Amino acid sequence: EVKDAELETGNFVYKNAVLAPVGIFGDRWREAYDYKISGEATVGGRSCLIISAVPKGTQPEIDFLSGRAFIDKATLDILKIEWSEQKIGNYEAFVKRGERYKMTPRISVTSEFEAEKNGIRFPTRHLIEEAYFGAAGMSSPSKFVRSKTTVIYRDFKFFTVSVERDSSY
C-alpha cells in the first residue's frame, strides 16, 4: 500500500467512474439501454434494488458502459456500480493474457458513491481485480489474482462560483 501515490496503470481507464451514473441513466442515453430489475441487496446498511443496464445492440458507440447499479430504495441514490467486464476497455488484452496462462480472465470493477453534496453523489472508491481462473490440467478451478487496485477518492473540495453581471454590455 502506497498512501497518496500517483495512479500509474497500463491496463485500466479511470475517467468513466466520475460520470458513470450519468452515462448509464442520463436522459441522453436512456433509449440506448435495456434496463431490468435483477435483484435486491444491501449496500452500507441501505436496502437497494439492483438494476442491470445493458446497451442495446444498435448502440455500438456506448459499448464501454454497462453493468449493475445498486440503487437505494428510499432515496433512489446510486450507491454502487459493478461494471460488465467485457465492456471495461482493453478486455481483449486480458483475454490474450489468459490464453498465455491457459486460464480465463475475470475482471471485477466496482465504483462506490458514498459522498453526497447538494443531492449529487460522488465516487468514493473504485476497486479493480484482475484475476484468472481454471489452470489447465487442474481438477478444481484455481484462481490467480494478477493485480488488485483500490482508488480512494477523499478530501473533496466544494466551492461556490458567483457571477456579477456587467450592465455595460
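Across the stretch 20-42, the number of residues qualifying as assigned to a strand (DSSP E or B) and open to solvent by less than 80 Å² (accessible area, probe 1.4 Å) comes to 4. If you take the residues of the stretch 104-131 that are of a type outside the set (S, T, N, Q) and open to solvent by 80 Å² or more (accessible area, probe 1.4 Å), which of them is farthest from residue 92 (Cα to Cα)? Step by step, filter the stretch 104-131, then rank; the result is 117.
The values are calculated or read from the model by the stated rules, or taken from the named source; none is laboratory data. Treat the numbers as computed from the prediction; the structure is a model and nothing was measured. Each accessible area value is taken on the protein alone, full model and side chains, heavy atoms only, with ligands, DNA and RNA left out. Shrake-Rupley method; radii C 1.70, N 1.55, O 1.52, S 1.80 Å.
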